[in-house]
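Colleague: Would you mind keeping the following structure in view while I ask a few things?
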Amino acid sequence: MKRALRIYLAWTPEQLTGAFRAADLLLQAGHVPVMQGTSPDWSELDRWRLEACDCLVRLPGESPKCDCAVDSAKVRGLPVYFSLHDCLNALPKRVSA
């Protein structure tokens, strides 16, 4: 079985419900969602969370914080997806024994 991927979710305050739905779908797909923090600014804690991840999903909405997360992911060479659907289609499928 392939290891579960850690997927950073970058979301705006308006997307909180959507972020939790996305997290649930990632869990159902066998992966580990990592939610960004709730402070309005990009923080060291957010950076640490992102550094532990394998890719980033940027949910819709205007947000300098989310834009910082995308920029940081690109600098680290992490894949960045702008929809959960694209992310799930690109990820390896996990099969349980």
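Colleague: When the residues of the range 7-22 are filtered to those that are touching a helix residue (DSSP H, G or I) at 6+ places or on another chain (Cβ under 8 Å) and more than 20 Å from Pro92 (Cα to Cα), which remaining residue is most open to solvent (accessible area, probe 1.4 Å)? Break it down stepwise before answering.
Modeller: Residues of the range 7-22 touching a helix residue (DSSP H, G or I) at 6+ places or on another chain (Cβ under 8 Å): 7-12, 22.
The next check asks that each one be more than 20 Å from Pro92 (Cα to Cα); those that pass are 10-12.
Values: Ala10: 0, Trp11: 22, Thr12: 2 Å².
Applying the filter and picking the extreme gives Trp11.
Colleague: Same structure, new question: Please go through the range 62-77 and pick out each residue that is open to solvent by 40 Å² or more (accessible area, probe 1.4 Å) and part of a loop (DSSP other than H, G, I, E, B). I'd like the intermediate steps shown before the answer.
Modeller: First, pick out the residues of the range 62-77 that are open to solvent by 40 Å² or more (accessible area, probe 1.4 Å): 62, 64, 67-68, 71, 74-77.
Result: Glu62, Arg76, Gly77.
Colleague: Being in contact (Cβ under 8 Å) with a residue 40 or more places away in the chain, in a loop (DSSP other than H, G, I, E, B) and more than 18 Å from Lys74 (Cβ to Cβ) is the filter here, so list the residues in the range 12-55 that pass it.
Modeller: Of everything in the range 12-55, those that are in contact (Cβ under 8 Å) with a residue 40 or more places away in the chain, in a loop (DSSP other than H, G, I, E, B) and more than 18 Å from Lys74 (Cβ to Cβ) turn out to be Thr12, Ala29, Gly30, His31.
The values are calculated or read from the model by the stated rules, or taken from the named source; none is laboratory data. Bear in mind the structure is a predicted one, so any value in this text is a computation, not a measurement. Please note: Cβ atoms are built from the backbone with ideal geometry, for glycine as well, and neighbour counts cover all protein chains shown. Just so you know, the surface numbers come from the protein's heavy atoms only, side chains and all, with ligands and any DNA or RNA stripped out. Shrake-Rupley method; radii C 1.70, N 1.55, O 1.52, S 1.80 Å.
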